[in-house]
Amino acid sequence: MSANTRRDFLRTTTGAGVGAALGMVPVPLAGSPAVLLRNVTPVCIASSNGLAAVDRAMQELADGSYTIDAVVRGVNLVEEDPEDMSVGYGGLPNADGVVQLDSSLMHGPTRGAGAVACLEGVKRPSLVALDVMRYTDHHLLVGEGAQRFAASMGHPIEDILTDGARRAWVQWRAGLGSAGEYLTPAESGEPVRPFERPEGLDDELLDSFDGVRPHGTINCNIVDRNGDLSSVTTTSGLAFKIPGRVGDSPIIGAGMYCDNDVGAAGSTGRGEAVIKTCGAHTVIELMRQGTSPTDACLEALRRIVRWTVEDRLLTEAGRPAFDVNYYAVNKRGEYGAAAIYSGARFAVNVDGRSRLEDSAYLFQRTS
Ligand code: GLY
């Protein structure tokens with residue numbers, strides 16, 4: 001452990017240690033110095049595709065894992081799942097038919113952060129982000145360098161494009177422009193299976209259309225009984241994106257953020273809108289001022305609405321033609337989530353039970 005890491009570790013554990021011995025944790029409230037609260041009820045909150053993830057993360061926590069390992073093992077379930085076409089293995093590819101994955105994470109107690117972007121050939125990019133945090137002096141590795149680092153850390157480099165994701169890409173390519181150079185399987189006349197909505201493209205994902213392409217992602221945040229926090233986000237990003245495009249998910253402060261004095265938060269949906277408004281960091285700063293997790297998510301979404309001025313991104317009603325979801329938990333174990341439009345849900349585990357709850361929203365969805 002480096003001198004700086006050791007200092008941070010001692011500062012963090014010493015700060016928590018006195019209170020923890022009394023079953024209390026320091027929690028800064030708006031305009032006041034840190035105060036001590038009693039034991040926190042552990043909570044794990046994730047995007048709606050994270051029901052199994054919150055279950056797994058809480059089990060890991062109960063088994064004694066650090067918060068960061070708990071959330072990473074939680075999202076690993078989704079990354080490994082070929083049926084989820086928005087994350088990890090089975091994720092939808094870029095415009096060239098190549099799957100490029102993004103992930104970032106933060107560990108509250110050590111102030112650690114790691115991320116990878118445009119990573120090819122690794123099923124679970126969150127594990128590589130974790131290695132960036134633990135085994136480098138950096139916070140973000142991209143592209144070929146990220147893959148070489150992953151290989152050096154023992155991650156298998158493999159073909160992660162599933163047949164379902166490839167067929168979705170073939171269908172998308174056939175719809176490009178009017179030149180008609182590419183044919184869909186149906187247009188080709190070949191006796192191939194007709195294109196069907198791929199498994200994993202659930203309604204929430206489809207609702208997140210940017211015109212024609214879904215953004216899918218999982219974000220997962222946790223607080224343990226000592227008030228220690230972690231956050232992770234992982235994604236295959238915007239389907240059929242320009243090769244090299246990076247969304248919010250691997251950007252620390254956009255796709256997720258964690259401040260062990262305050263809370264953890266993250267996002268799913270149109271990454272460009274989240275990057276431009278420093279989304280997850282904004283949610284944390286609002287919570288730092290004493291705003292509840294749900295209200296902090298809503299206010300950060302209002303900022304996105306104000307920042308969306310391009311006609312091509314607006315509906316006839318002058319509202320964003322896309323959706324963004326925020327998820328947040330604070331150091332006291334209060335949690336919340338919100339989306340621009342009604343109908344979104346989120347996964348949460350509290351008191352040992354995992355369930356989906358309705359997200360708060362700014363606007364009623366009309367279509
Ligand atoms: N929020 C995921 C992305 O835009 O890539």
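Could you order the peptides 291-302, 225-236 from most to least packed, using the average number of other C-beta atoms within 10 Å per residue? Can you show the working numbers first?
On the way: 291-302: 22.2, 225-236: 29.4.
Averaged packing, sorted descending, gives the order 225-236, 291-302.
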Exercise for the section: Provide the FRET efficiency to the nearest 0.05 for the Leu176-Gln59 pair, computing r from the beta carbons and using R0 = 41 Å. Expected result: 0.40
Exercise for the section: Would you mind getting me the FRET efficiency between Arg353 and Arg111? Use the beta-carbon distance for r and R0 = 30 Å, nearest 0.05. Expected result: 0.45
Handout entry: His138-Ile242 pseudo-label distance in nm [points 7 Å out on the Cα-to-Cβ vector]
Key = 2.3
Exercise for the section: Between beta-carbons, use under 12 Å as the cut-off and find the net charge around Ala53, counting Lys and Arg +1, Asp and Glu -1. Expected result: -4
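Would you please give the FRET efficiency between Gln289 and Asp96, computed as 1/(1 + (r/R0)^6) with r the Cβ-Cβ distance and R0 = 51 Å, to the nearest 0.05?
Values: r = 44 Å, r/R0 = 0.86.
Efficiency at R0 = 51 Å is approximately 0.70.
Could you quote the convex hull projected area for region 284-323, Cα atoms only and averaged over all directions, in nm²?
3.1
Readers should treat all values here as calculations from the given coordinates under stated rules, not as data from a laboratory. Source: prediction; values computed, not measured. Every residue, glycine as well, gets a Cβ built from its backbone with ideal geometry; the counts of neighbours run over all protein chains shown.
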